[in-house]
1. Full extension from Q228 to Y88: what is 0.36 nm times the residue separation minus their Cα-Cα distance, to one decimal in nm?
2. Testing the spin-label approximation: label points 7 Å from Cα along Cα→Cβ at L127 and D188. State their distance in nm.
3. F213: net charge of surrounding residues, Cβ under 10 Å, Lys/Arg +1, Asp/Glu -1, itself excluded?
4. Given Cα pairs under 8 Å that are at least 6 residues apart, what percent is the relative contact order of the stretch 90-197?
5. Could you give the length gained by full extension between L212 and D148, i.e. 0.36 nm per residue of separation minus their alpha carbon distance, to one decimal place?
6. If you take every residue apart from R143 with its C-beta less than 13 Å away from the C-beta of R143, what net charge results, scoring Lys and Arg +1 and Asp and Glu -1?
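Read-outs: derived from the displayed coordinates by stated rules, not from any lab. Here the structure is a predicted model, which is why all the values come from computation and not from measurement. Neighbour counts are summed over all protein chains in view; Cβ atoms, including those assigned to glycine, are modelled from backbone coordinates with ideal geometry.
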Amino acid sequence: MFRSKRHRSSVSDPRALAIAVPRPAGGASGGKRDANVGRGAGARAVGLLGATLLLGATGCSYEIDDDDRYVEGAGRGVGSAGAFDDAYFTTVDRGVVLNTALGEGAGVFVEYAEGGQWTLWTTCDTLQSDYSCLWDVHVSSQRPVRIDTIELSETELDQDFAEVYSDNDFSFFTETTFGRDVITFRTDPRSLVQVDIVLDGWSEPGFLRWSLFDEVQGGAPYGPVVFQPDGP
């Protein structure tokens, strides 16, 4: 149906299509776009046990056998070091939901809700290019802040999964096509969170999208990116 674009250098940018929609009072997700669900596995939770967990759609453990997905120094282990070295720091608006036309552009969208609830979701330009997007999203917090209640939802393909390295460090591996792939997690309110993204084997912080002063930000000049919520 579509081809992997692992070696493709041109990817459509969703920046012009993305809009920021403030949540109503109380943190409800009103105005959020209904994503294309039902294309793959349903929601599933990842428990943080302080050990490496490989969780796929079947719940079985397995090893990654894909050398093209590895980018040296990107993401893994950064959180366990307890410091955000050489990162790009920015602020993310609390309580803003991002919308975009699914399948029209590639991106990783970062949202923060009241109480320490984070949502990250990926899109691709499959409708324009007939390619899929292989995303590796690496997330970490600074100790002693823990990352809890990791859940995947709306994932399209069976190979989408999360790999947990410690209680403050995990990665989300997904192949996105026409819909979106979503991962949520919790931290202490207003905690710093570092996000490092890899697209088709290349570090691509320019494809991060988040809201700052109610304006969608069109990527970072370099990565990884550390997000600080503007409220608890």
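1. Details: separation 140, 0.36 × 140 = 50.40 nm, distance 1.11 nm.
Stretched out fully, the Q228 to Y88 stretch lengthens by 49.3 nm.
2. 4.3 nm
3. On the way: positive: none; negative: D93, D214, E215, D230.
For residues surrounding F213, the net value is -4.
4. On the way: 262 pairs, mean separation 34.7, N = 108.
The value is 32 percent.
5. That pair, L212 and D148, stretches by 20.6 nm at full extension.
6. Working: positive: R146; negative: D167, D169, D188.
So the surrounding residues net to -2.
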